[in-house]
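The values are calculated or read from the model by the stated rules, or taken from the named source; none is laboratory data. All figures in this text were calculated on a predicted structure; none of them were measured in a lab. Here the Cβ is made from the backbone with ideal geometry for all residues, glycine too, and neighbour counts use every protein chain on show. Please note that ligands, DNA and RNA were not included when accessible areas were found on the heavy atoms of the full protein model with its side chains. Shrake-Rupley method; radii C 1.70, N 1.55, O 1.52, S 1.80 Å.
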Amino acid sequence: MRDQTLDQDLAGLSRTVRSSRPFDVAITVEPLRRGGGDPCHHITPDGAHWHASRMPTGVVTYRLTQDGRDGATARAWGPGAEEFLAGLETMLCLEENLDDFSPEHPKLKEAHRTVPGLRMLKTGRVMEALVPAILEQKVHTKASFASWRTLVREFGTKAPGPAPTGLMVAPDAETWRLIPSWKYHRANVGPQRAQTIVRAARVADSIERTATLDPTEAAQRLRSLPGIGVWTVAETAQRAFGDADALSVGDYHLAAVVGWSLLGHPIDDDMMIEYLRPLQPHRYRAVRLLGLSGQAYKPKFGPRDPITDHRHH
């Protein structure tokens, strides 16, 4: 009996879900990964996506693999495994309605045709999406990913189950709140971002409840917190709320990419908002499809932004 129980633990709980149209695991869950060395998300040589998370019922490690053209198989370990598997279709937005998405631009039409497997993400885990988004505010992506790795490796916990070596569960809200300011500083996180994380962690229960609200109302609630603006909310909504319209206004590159790709010249945020207005409520979906289809374009000129190291200030 002991060996049998051990085998069951190693196998984990399993569930396969299917969609009425093509579905692609890899491109759908890609936004969960914060850089190639993300301690919370590993892609193994067999193409499986491993992720560690905190469900209300406890931590969970899950492994997602493609199952045919229209399905995904998930295995899960840990106290939160059953809850995670029960909400799998919702998380992967398998049956989202695209009847009102009919782009007119030839590039977007082609992208929609050639990338039929994209879905939005609705993890419902708001703090897990919000904290790394705060870390990415107004800094080079490489620097924010490095800060995330440093903090998760020091203050996170080992993922349950037979997880790949080094897979970690990100800290819970109370841990984020109690991380000393000098530890944030050592992880190259400036005081403003560190304070924003701590403030958010103090009201984490309220933040998690925004997952039950309409995305527009949820965004308003999050923006009421000091240090959390339109861009941070959009990056959170793209992962936690399944919001296909969560346009990352304020992103350093996005408006230029949209302009060059669809109009042949750069535009600013206000022009991008106006130009993409007919695509509501699918503006984020359109931007993702543009990138995934290989049709996103921005000329490479000018100096690269320096990576700011807050540890020397």
Accessible area, probe 1.4 Å, largest first, for residues TYR184, TYR252, TYR284, TYR297:
TYR252, TYR297, TYR284, TYR184
Among the lysines, select those whose C-alpha is under 22 Å from the C-alpha of LYS138, and discard any that sit fewer than 8 residues away in the same chain.
LYS183, LYS298, LYS300
Per-residue HN-Hα couplings for region 42-50, Karplus 6.51 cos²θ - 1.76 cosθ + 1.60 at θ = phi - 60°, whole Hz, x for Gly and Pro?
10, 10, 8, x, 7, x, 6, 9, 9
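Pull out the extension gain between THR57 and LEU98, defined as 0.36 nm times the separation in residues minus the alpha carbon to alpha carbon distance; nm, one decimal.
11.5 nm
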Rounded to the nearest 0.05, what FRET efficiency is calculated for ALA86 and ARG113 with R0 set to 30 Å and r the Cβ-Cβ distance?
0.35
Sort 50-63, 258-271, 235-248, 143-156 by packing, meaning the average of other beta carbons within 10 Å per residue, with the highest value first.
235-248, 50-63, 143-156, 258-271
Restricting attention to the alpha-carbon atoms of the chain, what are Rg (one decimal) and Dmax (integer), both in Å?
19.7, 68
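In square nanometres, what is the average projected area of the Cα convex hull of region 1-99?
7.6
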Given a Förster radius of 35 Å and the C-beta distance between ARG21 and LYS298 as r, what FRET efficiency does 1/(1 + (r/R0)^6) yield to the nearest 0.05?
0.70
Principal axes of region 103-150: Cα extent on each, largest first, Å
41, 26, 15
